[in-house]
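Q: Got a structure for you, questions after.
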Amino acid sequence: MRAKQFWAAITAHITIEDSIWVNGILSPREASLFWRMNLPDQQHAIRVAKSAIALATRVRGDVDTELLLRGALLHDVGKVYGDVSTADKVLTVIGHKFAPRMMRSWGREGRGSRIDNLRHACYVYFHHPRRSAEFLQGIGAEEELVEIVLHHHEPMAHGERIELTLLRQADEMH
Ligand SMILES: [Fe+2]
Ligand SMILES: [Fe+2]
């Protein structure tokens, strides 16, 4: 995790205007997933959504801005508040740097003992796109939304939706 991200996590806050904006875009069930995230992740998602919309204005051709905004706000909902401690998050990021493949296979869902929690942190870190997509499927989200959330950390694929490309670009900016 870069110093900038640490600073962002410590100083994270959401304005009333932003929370009204989010609730105006998302359905009540989607919003409940959004507000279940950690505050820094909520703030990250808001920034990604705003950048994604700014990027969309430079695209020639049709962009489904509603899908893009919802995808951006919901892409990390697999990261749930209280699920992963800051210490475990830091250890996971360090592990990812030095032994990414080992960390990926070591991750396991489910909190419990100290070690279980660390394995859970690894699981969330590596598998949050799938987890986010499953949460969205669970509330009956449409296929397009589930799809762009599921693939947001994968390399760009030929023929993918423009909303996915824009979401990935915006995510990399924050
Ligand atoms: Fe993500
Ligand atoms: Fe993200």
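The values are calculated or read from the model by the stated rules, or taken from the named source; none is laboratory data. For clarity, every value in this text was computed on a predicted model and none was experimentally measured. Counting neighbours? That spans all protein chains shown, and the Cβs are built from the backbone with ideal geometry, glycine included.
Q: Residue check: is ALA12 surrounded by fewer than 16 Cβ atoms within 10 Å (Cβ to Cβ), not β-branched (Val, Ile, Thr) and not in a helix (DSSP H, G or I)?
A: yes
Q: Same structure again: HIS96 passes all but one of (1) farther than 21 Å from ALA49 by Cβ; (2) within 16 Å of ligand 2 (Cβ to nearest atom); (3) within 17 Å of the chain's Cα centre (by Cα); (4) in contact (Cβ under 8 Å) with a residue 24 or more places away in the chain; which number fails?
A: Only one criterion is unmet by HIS96, namely (3).
Q: Which residues, counting only those in the range 100-125, are in a helix (DSSP H, G or I) and either surrounded by fewer than 19 Cβ atoms within 10 Å (Cβ to Cβ) or on the phi > 0 side of the Ramachandran plot (or both)?
A: Matches in the range 100-125: PRO100, ARG101, MET102, ARG104, SER105, TRP106, ARG114, ILE115, ASP116, ASN117.
Q: Here's another thing I want to ask about it. Just to check your reading of the model, which residue among GLU109, GLU147, GLU163 is at pLDDT 95 or above, out of contact with any Leu (no Cβ under 6 Å at 6 or more places or on another chain) and either of a type outside the set (Lys, Arg) or farther than 29 Å from ILE20 by Cα (or both)?
A: Result: GLU147 is the single residue among GLU109, GLU147, GLU163 that is at pLDDT 95 or above, out of contact with any Leu (no Cβ under 6 Å at 6 or more places or on another chain) and either of a type outside the set (Lys, Arg) or farther than 29 Å from ILE20 by Cα (or both).
Q: Can we say SER19 is in a helix (DSSP H, G or I), hydroxyl-bearing (Ser, Thr, Tyr) and without any contact (Cβ under 8 Å) to a residue 12 or more places away in the chain?
A: yes
Q: Are any of the residues in the range 83-90 within 17 Å of the chain's Cα centre (by Cα), among the acidic types (Asp, Glu) and surrounded by 13 or more Cβ atoms within 10 Å (Cβ to Cβ)?
A: Scanning the range 83-90 turns up at least one residue that is within 17 Å of the chain's Cα centre (by Cα), among the acidic types (Asp, Glu) and surrounded by 13 or more Cβ atoms within 10 Å (Cβ to Cβ).
Q: Here is a follow-up. Inspect the range 144-167 for any residue being without any contact (Cβ under 8 Å) to a residue 12 or more places away in the chain, over 19 Å from TYR81 (Cα atoms), away from ligand 2 (no atom under 16 Å from the Cβ) and in a helix (DSSP H, G or I) and give the result as yes or no.
A: No, because not a single residue in the range 144-167 is without any contact (Cβ under 8 Å) to a residue 12 or more places away in the chain, over 19 Å from TYR81 (Cα atoms), away from ligand 2 (no atom under 16 Å from the Cβ) and in a helix (DSSP H, G or I).
Q: Related question: Being more than 15 Å from ligand 1 (Cβ to nearest atom) and among the hydrophobic types (A, V, I, L, M, F, W, C) is the filter here, so list the residues in the range 157-174 that pass it.
A: ALA157, ILE162
Q: Go through the range 73-96 and count every residue that is polar (S, T, N, Q) and either in contact with a strand residue (DSSP E or B) (Cβ under 9 Å, 6 or more places away or on another chain) or away from ligand 1 (no atom under 14 Å from the Cβ) (or both).
A: Within the range 73-96, residues that are polar (S, T, N, Q) and either in contact with a strand residue (DSSP E or B) (Cβ under 9 Å, 6 or more places away or on another chain) or away from ligand 1 (no atom under 14 Å from the Cβ) (or both) number 2.
Q: With (1) surrounded by 15 or more Cβ atoms within 10 Å (Cβ to Cβ); (2) within 20 Å of GLU163 (Cβ to Cβ) as the list, and SER27 as the residue in question, which single condition is left unmet?
A: Only one criterion is unmet by SER27, namely (1).
Q: Okay, next question. When you go through (1) under 19 Å from VAL22 (Cα atoms); (2) of a type in the set (S, T, N, Q); (3) modelled with pLDDT under 95 one by one for SER132, which number turns out not to apply?
A: (3)
Q: While we're on this one: Within the range 66-92, how many residues turn out to be away from ligand 2 (no atom under 14 Å from the Cβ), aliphatic (A, V, I, L, M), part of a helix (DSSP H, G or I) and under 15 Å from ASN38 (Cβ atoms)?
A: Residues meeting the conditions: 2.
Q: Shifting gears a bit: May I ask you to list pairs of residues, at least six apart or on different chains, whose Cβ atoms are under 6 Å apart, with the first in the range 45-73 being touching a residue at least 40 places away in the same chain (Cβ under 8 Å) and the second being outside any helix (DSSP H, G or I)?
A: ARG47/HIS174; VAL48/HIS174; SER51/MET173; ALA56/VAL63
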